[in-house]
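Worksheet for the structure shown next.
The values are calculated or read from the model by the stated rules, or taken from the named source; none is laboratory data. As the structure is a computational prediction, the values presented were derived from the model and not from experiment. So basically every Cβ, Gly included, is an ideal-geometry build from the backbone, and we count neighbours across all protein chains shown. Ligands, DNA and RNA are stripped out before the accessible areas are found, and what is left, the full protein with its side chains, is counted by its heavy atoms. Shrake-Rupley method; radii C 1.70, N 1.55, O 1.52, S 1.80 Å.
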Amino acid sequence: TIYIQHLTYSAVRTHPMPSSQQRTRNPLLGPVSSMLLITAFSSIERSFSFVIRSSSPSLTTFASFAAKRYGGGYQGPCKSSSIQISLQPLNYNKKQFVNFLSMTTMSNGGDEALSSLLGGRNLVSIEDCMKASKMSGEGGGVVFVDGSWYHRGGRNGREEYKSGPRIQGARYIDMDDIATTKELFPELNPKGLPHMLPPKELFAAAMDAFSITNNDHIIIYGKDGCLFTPRTWFLFRSLGHDPSKVHLMQGSLEDYIEKGGDVDYEVVSDVLEAKDLNLDGEFVYQARDAAYVVDMDGVKEAVKDQAEASSSSPLILDPRGSAFPKGHIPGAIHVPYASIHTPDDTLKIKSTEDLKQIFQNAGVDVQTDRTIMCSCGSGVSVCHLVLALEECGRNVKDGKTLIYDGSWAEWGNDPDTPKVVDGE
């Protein structure tokens, strides 16, 4: 038995649970005055145990528990420099067992393997997603996020997630709910604009409730017929997640199932909702205010600069389809989002060569030093443009590639903004 006075560890990783069982704060967080007895197994399967006794604040930070399934032990490889742990949290849901702990002085090589597999890529093949689903890394693992959202056709991503199937362990993020809604934040969104990026407190609370840590690799996917998973990709990056750890699956959930990926068919009755989250206090997940965004005043200034023929004036891109000629911001360049994905699969992005040709045909220099502002109908399809620009080699993290989150929903409904209707 080893007594440890100080240890940094992280939030419990769990599968999605009904909201009645979810928590906005892990019950093990806070000052720890009692002993936690943990049984561990070394790489040669020699068992030993250690006890943590401390009231140190350092014990309030968890750093990398990962659970493959309720009540299941970790099945992955273990190198001699690491340990494996099976723990039933005290006073916690008895079905959930924490099965892997990384400490700052120990390494299992998993994070290196994950980074090698995913390579900081935005776009990840289904085959690599399947491999990643079976891996956990030091300080973080892999979390699949269902970002299915539909702007027409009557489909409901939340209800489809609840009824299944879903990738095993996947969370569901509803861009209409994890957002700055007028209902929850009337002072921040008095105009009632749709699916505005959320305040950092809401995003952090949602991540804690999902047991997502800053160190996790996030793989976002959608169901067949979904168009707008890049918006969820942008959400994570904008609110501060490591951009090298935010990925989009190339293909649909149905493709994943067809190729043998692990899925869960269990029907769930509840999915996390913003209104149920506690936004007061401290959060484990470290979020920031939304970045890479511009407001209406910034766009007005860009339009003014363009009118004055300034050589440094920002470019404005608009990816809408048939709605573009019916009304757009003056000077906007049309780059339809439908041209970004492949013709036969809305969840597969075209090759870099094809994307470069698309921008070239539109007269857009992806490497320009000028700021590029992207506007669409309501701040969703613009994320296709940001993704495509980065795939073409543009550094979109330097603050000169921005989305106008209010987009035409705000601009088009303001009587004082200049507008262009093609043909008039």
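Couple of notes before you dig in:
- Count of Lys pairs (Cα-Cα under 19 Å; at least 8 positions apart or interchain) in the stretch 159-272: 5
- Global geometry of the stretch 196-246, whether rounded, prolate or oblate, following the gyration tensor of its Cα atoms and the 1.5 cut on a/c: prolate
- Largest accessible area first, the residues Arg231, Arg121 order themselves as Arg121, Arg231 under a 1.4 Å probe with ligands, DNA and RNA left out.
- Accessible surface of the stretch 267-318, 1.4 Å probe: 44 percent of it comes from carbon and sulfur atoms.
- For the stretch 275-397, a/c is not less than 1.5, where a ≥ b ≥ c are the root eigenvalues of the C-alpha gyration tensor, and a/b does not top b/c. That puts it in the oblate class.
- With all protein chains kept in place, the per residue accessible area of the stretch 309-394 amounts to 38 square angstrom at a probe of 1.4 angstrom.
- Taking packing as the residue-averaged number of other Cβ atoms within 10 angstrom, the listed peptides 181-188, 408-415 run from highest to lowest as 408-415, 181-188.
- Global form of the stretch 373-424, assessed from the alpha-carbon gyration tensor, a/c cut-off 1.5: prolate
- The stretch 175-276, accessible area per residue, ligands and nucleic acids excluded (1.4 Å, Å²): 35 Å²
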